[in-house]
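Notes follow once the structure below has been shown.
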Amino acid sequence: MIAKELLNPRSIVICGASSDIHKPGGKSLKNLLESPFKGKIYAVNPKETEVQGVKCYAKVDDLPEQVDCALLCIAAKFCAQTVDVLAKEKGCKGFIIISAGFSEESHEGAEIEKHIVDTINSVGGSLIGPNCTGFLNVNYAGCFDTPIPPLDPKGVDFITGSGATAVFIKEYGMSNGLKFNSVWAVGNSAQLGIEDVLEHLDETFDPEKSSHVIMLYMEKIGDPMRLLKHSRSLINKGCHIAAIKSGGSAAGSRAASSHTGALATNDAAVDALFRKAGIVRCHNRQELTTVCGVFMHPEIKGKRCAVITHAGGPAVMLTDVLSNGGMEVPPLKDHPASPALLAKLFGGSSVGNPIDFLATGTAEQLGYIIDTVENEYDEIDFSVVIFGSPGLFSNKEVYDLLDEKMKTCKKPIFPVLPSIINVKDEINDFISKGRINFPEECVLGNALCKVYNTPKPQPEHVELPKIDVARIRKTIDHCKDGYLEIADYNELLDAAGISRKKSVEVSKKEDALAFAKEVGCSKDVPLVMKVVGPLHKSDVGGVTLGVKDLDTVAKEFDRLIVIPETYAVEMYPMLDGTDVYIGAIKDPKFGHQIFFGLGGIFIEVLKDVQSALAPITADEAKEMLKQLKGYKILQGVRGQEGVNLDLYADQVARVSALVQAAPEIAEMDLNPLLGNPRYVTAVDARIRIEK
C-alpha cells in the first residue's frame, strides 16, 4: 500500500527551497503554496532564513516537529543523509525526490538510490522518483513543473515514466479541456513504478469517488503480468485505460532463427498484453489525450455515427476515417423522420448523413437535428457535431445549446470545434463548463475507432482444450536443450491433439522405397521428400514436392541425402490447402506469446499475423483471425477452398495449452499448416526447448 502521508500529508517540507522560482526548489515551493494544500509547510536551505514567505531552516535536523512528506530538490550526494534524518527522526513517510544523479547516471548513484529505498522501506514509507518532476493530486502539488492542470476527482489519473513527456501531454490535454485527478511522474521508479501505482488504484478503487479514466506513458514494462492483472481488474470495475508504450520499433527486435522469433518484437508482445488487458494503445500525445477525452464522455454502445456539420469537407474526412476504421455512417436520407427534419433547415441542407445544415445554420436548427438523432434515428448510436466559424459571428449560442443537449441526451455527442482562433473565447467558455473540445475531426475519428475496436479484457481463467499433460511432461523431461528430433516433436503434437501429417524419417534408400510402396506412391498419391538437419530446408534445395513414382523417389533420395548437414530424409503423402501458420515464443517477462496467420513463404513477406499472450481460447483466436488482412483468403476466394476456421482456432488453442503444460518450450513453429474445409494439418514443425 502507498503511504497515506504521500497521498494526503498534514505537513510538507521542501529541502532545497529557494526564492528563485526558476530553480526546482523555488518552483516546487511556489507550486505547493498555490495548491489546495492546507497543512504546514516547511523550507530547508542553509543559506536562507525565509523563502517565499516561509520560515527556512538550515538543515532537516532543525525542523521543530515531525513532518509527513518531503520534496527533495538537493544534490544527489546529500539525499541519503537527508532521507535518513527525515525517516528515522522526523517520522516522514512520504518522499518525492526531484533530484537527478542516481541509477540513471552512475554506479555510485545507484548505490545512493538503493540506500534511500532501503531506509524508506524500513519505516513503511513511499517514494516517488528520484529523477522526476514530482507528484500532484487534489490535495497538493508536489512537483516543480508547470502547468498545474485543473484538478478534479473525476479527472484523469495520469502515470508516466517521463516527466518532460508528462508536461507536453498535460499541455495538450488541458488546452482542449481535459481535467486531471492525479499525476504520478515516477522517474527512476526506484520504489514505486507504474505497476505499483496501478495496484494502488485497483485496490483503493471506489466506483463513486475514484476516477474512471487512467492514462499511461511508459518506456519500459517492468512486470507485464502485474500490469495485466491490475489493468484487467480496473477495467472490469468500470475504468478505462489508454497507454503509450514507446521504444518498441523493429530496430529493437532481436535476431532469431525461427519465423516466430523474427515476428516476436517487444512491440508485438506489448500489443498482445494490451489486447488481453483491454487497454487502448496509443502512439502519440495527441492520440492519447484524445482517447482519454472520448473516455470522459458516455460510453459508445454501438458503431453507427451521425455526422452533424455545417462544413462539408471535415464531415467527408471524418466519414472516411470512421468507415476505414470499422465504424459506420448509415444513410438517413430515406428515413421516415428525415423529410420533417429537412423542412426545418435552410434550403440546400442535406440529411443524408453527414447531416449538413450549411454555414448559415443556427443553434435552433442544430437543436432540431440533435433531437431527431436522439429520438427518431434508431440506426444511430452516437453523433459528432462539427461547428466552427469563418470569423463573421459568435458561436456562443450554438455552443451553449450543444452543452445543454449533451446534458440531456442519452446518445453520446462529441463536439468538434475547429475554429480555435476565430472563436477562441467561445470555445474557452464551452470548456469552462466542464466540456472537452476535439479540434481535429480525423484525430477524433481515429480515437473513436480505437476505443470501439479495443476488446474487453480477456478472462483471467479460461478453459483450454484437454491435452495429455503426463505424456507431454514425459517427452519434455527426457529431451535435452535445443531443437527436438522429429520423433519427439511429433510426440508432443500428438499428445496436444495438434493435427500433423503422418511421415517417416529414413536414412537408407531401400527404406525410402519401402515407404513409397506402402502408401501407394502415384500421381494420385504424390509424396513430399525433405531433408532432415538443415535449418531452412527450402534455402538449401532440400524440399521436393509431387514425387509420383519409385524412380523419382530413388533419384531424389540420392540428391537430398548429400546436402550438407543432412542426416535423413523425411517423407509423407502430399496434403492440399491454404498455407497457414501457428507459432509460439517465450519471453522472460511476458511469458508465451502465440502467433497465427497466413503461412508458408508469405509469413516472411506479408507478416500478416495476429499475436496473443497465452492462454488463448479457440473463441478468442477465431475473433482475432477476422483482423487478418488475408481473412478473405481463409474464407475462400475465386474458387479456392477456404480454411475450416473452427479447426484452425482449435489448433491455436491447443498450441497455447501445450506451452502452458511445457513452459520449457522457448520457440515453436508450425509452418505451414495446410488448411481446407476438411482438416488443418501441420506439415512442418520446429520446437526448441530451454530447461
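Rule-based calculations on the coordinates, nothing more; no lab input. Since the structure is predicted, the reported quantities are computational estimates derived from the model, not experimental observations. For neighbour counting, all protein chains shown are included, and Cβ atoms are generated from backbone atoms with ideal geometry for every residue, glycine included.
Using packing as a proxy for protection, rank 454-464, 86-96, 411-421 so that the peptide with the highest average count of other Cβ atoms within 10 Å comes first.
Numbers: 454-464: 13.8, 86-96: 22.5, 411-421: 19.5.
Highest-to-lowest ranking by the protection proxy: 86-96, 411-421, 454-464.
Please compute the net charge surrounding Asp481, taking Lys and Arg as +1 and Asp and Glu as -1 over other residues with Cβ under 14 Å from its Cβ. Each step should come with its number before you reach the end.
On the way: positive: Lys480, Lys586, Arg688, Lys691; negative: Asp477, Glu485, Asp488, Glu664, Glu667, Glu690.
Its environment carries a net charge of -2.
Can you tell me the length gained on complete extension of the stretch Lys691 to His107, counting 0.36 nm per residue apart and subtracting the Cα distance? Don't skip to the answer; put the middle values down first.
Numbers: separation 584, 0.36 × 584 = 210.24 nm, distance 3.27 nm.
Extra length from Lys691 to His107 when fully extended: 207.0 nm.
With no solvent and one point on each alpha carbon, what is the Debye value of log10 I(q)/I(0) for region 578-689 at q = 0.16, 0.17 Å⁻¹?
-0.65, -0.73
Whole percent per 10 Å bin, from 0 to the bin with the longest distance: what is P(r) over all C-alpha pairs of region 364-410?
It works out to 23, 55, 19, 3, in whole percents.
Per-residue counts of other Cβ atoms within 10 Å, averaged by peptide: what ranking do you get for 202-215, 66-79, 334-347, highest first? Kindly include the intermediate steps, with their values, before the conclusion.
Working: 202-215: 16.6, 66-79: 22.2, 334-347: 13.9.
Sorting 202-215, 66-79, 334-347 by mean packing, highest first, produces 66-79, 202-215, 334-347.
List the aspartates and glutamates whose alpha-carbon lies under 14 Å from that of Lys114, not counting same-chain residues fewer than 8 positions away?
Asp84, Glu104, Glu105
If you take the C-alpha gyration tensor of region 107-198, multiply each eigenvalue by 5 and take the square root, what semi-axes do you get, largest first, in whole Å? Each step should come with its number before you reach the end.
Numbers: eigenvalues 141, 38, 19 Å².
Semi-axes (√(5λ), whole Å): 27, 14, 10.
Between region 403-450 and region 120-165, how far is it from one alpha carbon centroid to the other, in angstrom?
28 Å
I need the fraction of alpha carbon pairs in region 305-453 separated by more than 18 Å, rounded to a whole percent.
Values: 5873 of 11026 pairs.
The proportion of pairs with Cα distances above 18 Å equals 53 percent.
Starting with the highest mean, order 634-645, 577-588, 34-45 by the number of other Cβ atoms within 10 Å, averaged over the residues of each peptide.
Values: 634-645: 14.1, 577-588: 22.0, 34-45: 18.0.
Result, highest mean Cβ count within 10 Å first: 577-588, 34-45, 634-645.
Need one number: convex hull volume per residue for region 379-461, Cα atoms only, in Å³.
Values: hull volume 11.3 nm³, N = 83.
Per residue, the Cα convex hull of region 379-461 comes to 136 Å³.
Let me make sure I get this right: for the chain, a, b and c are the square roots of the gyration tensor eigenvalues over alpha carbons, sorted descending. Under 1.5 in a/c it's rounded, otherwise prolate if a/b > b/c, else oblate. Which is it?
It is oblate, given that a/c is not under 1.5 and a/b is not larger than b/c.
Which percent of Cα-Cα pairs in region 460-541 sits in each 10 Å bin, short to long?
Going from the shortest bin to the longest, the percentages are 13, 33, 33, 17, 4, 0.
From the P(r) of region 149-295, can you give the percent of Cα pairs sitting at distances over 26 Å? Working shown, then result.
On the way: 2432 of 10731 pairs.
Looking at region 149-295, the distances longer than 26 Å represent 23 percent of pairs.
Compute the signed sum of charges (Lys and Arg +1, Asp and Glu -1) over the other residues within less than 9 Å, Cβ to Cβ, of Phe430. Each step should come with its number before you reach the end.
Working: positive: Lys396, Lys433, Arg435; negative: Asp400, Asp403, Glu426, Asp429.
Within the 9 Å Cβ shell, the charges total -1.
Would you work out the Kirkwood radius for region 558-626? I mean one over the mean of 1/r across all pairs of different Cα atoms, in Å. Before the final figure, lay out each step's value.
Numbers: mean 1/r = 0.0674 Å⁻¹.
This gives a value of 14.8 Å.
What is the helix-to-structure angle for 550-561, meaning the angle in degrees between its Cα long axis and the longest Cα principal axis of the chain, kept from 0 to 90 and rounded to the nearest 10?
50 degrees
Within region 474-538, report the GluC sites (Glu not before Pro) that DSSP leaves as loop and that have at most 15 other Cβ atoms within 10 Å.
Numbers: sites: Glu485, Glu491, Glu505, Glu510, Glu518; in loops: Glu485.
In loop regions of region 474-538 (DSSP not H, G, I, E or B), the sparsely surrounded GluC sites (Glu not before Pro) are Glu485.
With 32 Å as the limit, write out which pairs from Lys23/Lys88; Lys229/Lys607; Lys466/Lys626; Lys179/Lys629; Lys179/Lys607; Lys179/Lys405 have Cα-Cα distances beyond it, or answer none.
The answer is Lys179/Lys629; Lys179/Lys607.
Greater than 19 Å separation of Cα atoms is the criterion. Which listed pairs, Lys237/Lys622; Lys170/Lys245; Lys509/Lys530; Lys209/Lys245, meet it?
Working: Lys237/Lys622 26 Å; Lys170/Lys245 17 Å; Lys509/Lys530 14 Å; Lys209/Lys245 28 Å.
Going by Cα-Cα distance, Lys237/Lys622; Lys209/Lys245 fall outside the 19 Å limit.
Take the alpha carbon atoms of region 4-131, find their radius of gyration, then divide it by 2.2 N^0.38 Å using N residues; give the quotient.
Ratio of Cα Rg to 2.2 N^0.38 Å: 0.97.
Evaluate the charge dipole of the chain about its Cα centre and quote only its size in Debye, nearest 20, assuming +1 on the Cβ of each Lys and Arg and -1 on the Cβ of each Asp and Glu.
Details: 75 positive and 91 negative charges, 49 e Å.
My answer is approximately 240 debye.
Using the scaling law 2.2 N^0.38 Å as the reference, what is the normalised Cα Rg of region 491-605? Each step should come with its number before you reach the end.
Numbers: Rg = 16.2 Å, N = 115, 2.2 N^0.38 = 13.4 Å.
For region 491-605, the normalised Cα radius of gyration comes out at 1.21.
Sum up the charges of everything whose Cβ sits under 12 Å from the Cβ of Ser394, counting Lys and Arg as +1 and Asp and Glu as -1, but leave Ser394 out. All intermediate terms of the calculation are to be shown ahead of the outcome.
On the way: positive: Lys396, Lys424; negative: Glu397, Asp400, Asp425, Glu426, Asp429.
Taking every other residue near Ser394 into account, the sum is -3.
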